[in-house]
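The next block holds one structure in the form of structure tokens; read it before the comments.
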Amino acid sequence: MITVKYAESYFKDKIGKDADDIKKVWETFKDFCKESVEGEEDKEILFECGVYDFTGEELFHFNLVRQFTVYEEDEYSHMEQLHCEFLFKPTDELRKLEVSEWSMDYDDIDDFFNYIENLQEFKIPLNLKSIKSEIYQEEV
């Protein structure tokens, strides 16, 4: 079984050389989100996008996130998030797009994925070329 500690490397291995291909990353991410991770009680998946200046430069962020709640000896310890992030130069069209959707607000994971795939905030960036993509895991 996948552990939180090795989730990032496991996911990167699944993607292989396609880390810059947003469509392939999405399909791999969906499959990964259906896999169980040791100690996981609920699937916590986030899709978010918008123009932000987190880096000091305004960029359009397209972010797929799987969040893990970590327990040690049945006590809450911390949370970690695995990010699949694509960055784009903000255009007038991208500046109009902003959304933040959690899977916990849906009856099941497939309903969540179907909803996301029908959002303009999701569809429009799929056909654009990102200037940077990154897969990383961090404690939050």
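The values are calculated or read from the model by the stated rules, or taken from the named source; none is laboratory data. On a predicted model such as this, the values are computed, not experimentally measured, just so you know. Quick reminder, even Gly has a Cβ in these numbers, built from the backbone with ideal geometry, and neighbours come from all protein chains shown. Accessible surface is based on the protein model in full, side chains and every heavy atom, while ligands, DNA and RNA are left aside. Shrake-Rupley method; radii C 1.70, N 1.55, O 1.52, S 1.80 Å.
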inquiry  = Based on this model, can you work out whether TYR136 counts as at pLDDT 95 or above and in contact with a His (Cβ under 6 Å, 6 or more places away or on another chain)?
reply    = yes
So, first residue over 16 Å from ASN63 (Cβ atoms) in the stretch 13-32, second residue of a type outside the set (Lys, Arg), Cβ within less than 6 Å, six or more apart or across chains; the pairs are LYS14/THR28; LYS24/ASP18
Exception for ASP18 within (1) closer than 27 Å to TYR106 by Cα; (2) surrounded by fewer than 16 Cβ atoms within 10 Å (Cβ to Cβ); (3) touching a Lys or Arg at 6+ places or on another chain (Cβ under 9 Å) falls at (1)
>> ASP42 - would you say it is open to solvent by 30 Å² or more (accessible area, probe 1.4 Å) and part of a helix (DSSP H, G or I)?
In response: no
Quiz item: Do we find that TYR71 is modelled with pLDDT of 95 or more, open to solvent by 30 Å² or more (accessible area, probe 1.4 Å) and assigned to a strand (DSSP E or B) in this structure?
Solution: no
Of the candidates THR91, THR3, the one satisfying the condition of being among the polar types (S, T, N, Q) and touching a helix residue (DSSP H, G or I) at 6+ places or on another chain (Cβ under 9 Å) is THR3
Among (1) more than 22 Å from LYS89 (Cβ to Cβ); (2) out of contact with any strand residue (DSSP E or B) (no Cβ under 6 Å at 6 or more places or on another chain); (3) open to solvent by less than 10 Å² (accessible area, probe 1.4 Å), PHE29 falls short only on (2)
Given (1) in a loop (DSSP other than H, G, I, E, B); (2) touching a Phe, Trp or Tyr at 6+ places or on another chain (Cβ under 8 Å); (3) closer than 25 Å to ASP18 by Cα; (4) not aromatic (Phe, Trp, Tyr), LEU82 misses just (1)
